[in-house]
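Q: Would you mind keeping the following structure in view while I ask a few things?
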Amino acid sequence: MSNFREAQNQAHPNKTSTLMVALIVVLILNVSIQIWLLYTALNNALNENVDIAFPAFLASLGLFLVGFGWLYFMPGIIRNKKVKYR
Amino acid sequence: MATNNKDNQWKVDFPIQQLDATQVSRRDFAKFLCLVSGGLAVGSGYVAAKANFFPAEKVQGEHFVCKKDELPQGGTKSFVIPGSTIPYVLIRTEKDDFRAYEQKCTHLSCAVFYMPKSGKIECPCHNGWFDALTGEVLAGPPPRPLPRLDVIFKGDDIYVREFETSPKTL
Ligand code: FES
């Protein structure tokens, strides 16, 4: 017996791949924004301009939570059932 | 990968299909990105906490460096303030201006040097240049001006103290 999910995976094997790539692209985007935020906050803090550090931290934390929640949509591992032919 | 049938023990040791293996690595990569993201958030938190609650200590009081005639025009003298390890450099320019800066490049903390007769301070590591009169960045990678100390004179003695209005770049 196969269910809907399995049938979908067999009919469109590229779907999982596309989802995975989209997920990774968004995560990379998040990480780049976070690097920028950290760099800016650090440079401003060292320049005695501390007001930016806390909002940058909040933004960075928000991006992390978004990325973490985003992992929920990660496609599961496709297990190919061994079909037995008699 | 062994594709002949001679030694297929690895199939027992590593019972994961090739298709699964590629997906596992991408899944792990996504999780790793998430971990990096968390690390960056923690780093930002550290910067915010440090900036707001533990600001850098200011130089307390006035500190003797040397006598005026120990320093020729265009000469420099390195010194540290007792109780701290930050290296400073005192510069006497050819026009008889006295300036004191932290001798640590704001880029990656290399030691900086006064380039005689040029009115500029050079960082040899990545060719960074600072103005010897203000500490402002003239060229190169340094992101901030050099931290500066006030130079004051008491007779022939040179003293330094915390710079009143710290230089800011906009
Ligand atoms: S450390 Fe001074 S320019 Fe890089």
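The values are calculated or read from the model by the stated rules, or taken from the named source; none is laboratory data. Since this is a predicted model, take the numbers as computed values, not measurements. So basically every Cβ, Gly included, is an ideal-geometry build from the backbone, and we count neighbours across all protein chains shown.
Q: If a residue must be facing chain B (nearest Cβ under 9 Å) and not hydrophobic (A, V, I, L, M, F, W, C), how many such residues does segment A:14-37 contain? Step through it out loud before you land on a result.
A: Initially, segment A:14-37 is screened for residues facing chain B (nearest Cβ under 9 Å), giving A:16-17, A:20-21, A:23-24, A:27-28, A:30-31, A:34-35, A:37.
Applying the additional criterion that residues be not hydrophobic (A, V, I, L, M, F, W, C) yields A:16-17, A:30, A:34.
Adding up the residues that qualify gives 4.
Q: Would you confirm, using the coordinates I've provided, whether B:Y101 is assigned by TED's automatic domain parsing to the domain that holds B:D156, of a type in the set (F, W, Y), within 16 Å of the ligand (Cβ to nearest atom) and under 27 Å from A:A45 (Cβ atoms)?
A: Numbers: assigned by TED's automatic domain parsing to the domain that holds B:D156: yes; of a type in the set (F, W, Y): yes; within 16 Å of the ligand (Cβ to nearest atom): yes; under 27 Å from A:A45 (Cβ atoms): yes.
So B:Y101 fits the description; yes.
Q: Still on this structure, please answer the following. Filter segment B:88-111 for residues that are in a strand (DSSP E or B) and among the aliphatic types (A, V, I, L, M) and give the result. Break it down stepwise before answering.
A: Taking segment B:88-111 first, the residues in a strand (DSSP E or B) are B:88-92, B:98-102.
Scanning segment B:88-111 gives B:V89, B:L90, B:I91, B:A100.
Q: Looking at B:V112, B:V151, which one is within 26 Å of B:Q60 (Cα to Cα), more than 14 Å from the ligand (Cβ to nearest atom) and of a type in the set (V, I, T)?
A: Working: B:V112 fails: more than 14 Å from the ligand (Cβ to nearest atom).
Result: B:V151 is the single residue among B:V112, B:V151 that is within 26 Å of B:Q60 (Cα to Cα), more than 14 Å from the ligand (Cβ to nearest atom) and of a type in the set (V, I, T).
Q: Output the residues belonging to segment B:24-41 that are more than 28 Å from the chain's Cα centre (by Cα), within 7 Å of chain A (Cβ to nearest Cβ) and of a type in the set (G, A, S).
A: Of everything in segment B:24-41, just one residue is more than 28 Å from the chain's Cα centre (by Cα), within 7 Å of chain A (Cβ to nearest Cβ) and of a type in the set (G, A, S), namely B:A30.
Q: Please work out which one of (1) over 18 Å from the mean Cα position of the chain (by Cα); (2) surrounded by 14 or more Cβ atoms within 10 Å (Cβ to Cβ); (3) assigned by TED's automatic domain parsing to the domain that holds B:G140; (4) free of Cβ contacts under 8 Å to residues at least 40 places away in the same chain is the condition B:G83 fails and give its number.
A: (2)
Q: Residue by residue through segment B:131-142, note down the ones that are over 13 Å from the mean Cα position of the chain (by Cα), within 14 Å of chain A (Cβ to nearest Cβ) and within 12 Å of the ligand (Cβ to nearest atom).
A: Initially, segment B:131-142 is screened for residues over 13 Å from the mean Cα position of the chain (by Cα), giving B:131-140.
Imposing the further condition that a residue be within 14 Å of chain A (Cβ to nearest Cβ) reduces the set to B:135-137.
The one that is over 13 Å from the mean Cα position of the chain (by Cα), within 14 Å of chain A (Cβ to nearest Cβ) and within 12 Å of the ligand (Cβ to nearest atom): B:V137.
Q: What tally of residues in segment A:38-60 results from selecting those that are of a type in the set (S, T, Y) and more than 8 Å from chain B (Cβ to nearest Cβ)? Can you show your working first?
A: Residues of segment A:38-60 that are of a type in the set (S, T, Y), as a first pass: A:39-40, A:60.
Keeping just the survivors that are more than 8 Å from chain B (Cβ to nearest Cβ) gives A:39-40.
Within segment A:38-60, residues that are of a type in the set (S, T, Y) and more than 8 Å from chain B (Cβ to nearest Cβ) number 2.
Q: What are the residues in segment B:117-135 that are surrounded by 15 or more Cβ atoms within 10 Å (Cβ to Cβ) and either assigned to a loop (DSSP other than H, G, I, E, B) or not assigned by TED's automatic domain parsing to the domain that holds B:I86 (or both), if any?
A: Once the filter is applied, which keeps residues that are surrounded by 15 or more Cβ atoms within 10 Å (Cβ to Cβ) and either assigned to a loop (DSSP other than H, G, I, E, B) or not assigned by TED's automatic domain parsing to the domain that holds B:I86 (or both), segment B:117-135 yields B:G119, B:C125, B:A132, B:G135.
Q: Within the bounds of segment B:122-130, is there any residue that is within 16 Å of the ligand (Cβ to nearest atom), touching a strand residue (DSSP E or B) at 6+ places or on another chain (Cβ under 6 Å), free of Cβ contacts under 8 Å to residues at least 60 places away in the same chain and more than 24 Å from A:V50 (Cβ to Cβ)? Explain how you work it out, then say what you get.
A: Going through segment B:122-130, the residues within 16 Å of the ligand (Cβ to nearest atom) turn out to be B:122-130.
The next check asks that each one be touching a strand residue (DSSP E or B) at 6+ places or on another chain (Cβ under 6 Å); those that pass are B:122, B:129-130.
Restricting the remaining residues to those that are free of Cβ contacts under 8 Å to residues at least 60 places away in the same chain gives B:122, B:129-130.
This time we only want the ones that are more than 24 Å from A:V50 (Cβ to Cβ), so: B:122, B:129.
Yes, that holds for at least one residue.
Q: Quick one: would you say B:P87 is away from chain A (no Cβ under 14 Å), at pLDDT below 90, within 16 Å of the ligand (Cβ to nearest atom) and at negative phi? Before you say what the answer is, go through the steps one by one.
A: Values: away from chain A (no Cβ under 14 Å): yes; at pLDDT below 90: yes; within 16 Å of the ligand (Cβ to nearest atom): yes; at negative phi: yes.
Judged against the criteria, B:P87 is a match.
Q: Turning to a different aspect of this structure: Going through segment A:45-60 one residue at a time, which ones are surrounded by fewer than 19 Cβ atoms within 10 Å (Cβ to Cβ) and touching a helix residue (DSSP H, G or I) at 6+ places or on another chain (Cβ under 6 Å)?
A: Scanning segment A:45-60 gives A:V50, A:F54, A:A59.
Q: Further question: Answer yes if at least one residue in segment B:54-61 is part of a helix (DSSP H, G or I) and surrounded by fewer than 15 Cβ atoms within 10 Å (Cβ to Cβ), and no otherwise. Outline the logic, then answer.
A: Within segment B:54-61, the subset part of a helix (DSSP H, G or I) is none.
Within segment B:54-61 (the criterion being part of a helix (DSSP H, G or I) and surrounded by fewer than 15 Cβ atoms within 10 Å (Cβ to Cβ)), the answer is no, since none of the residues qualifies.
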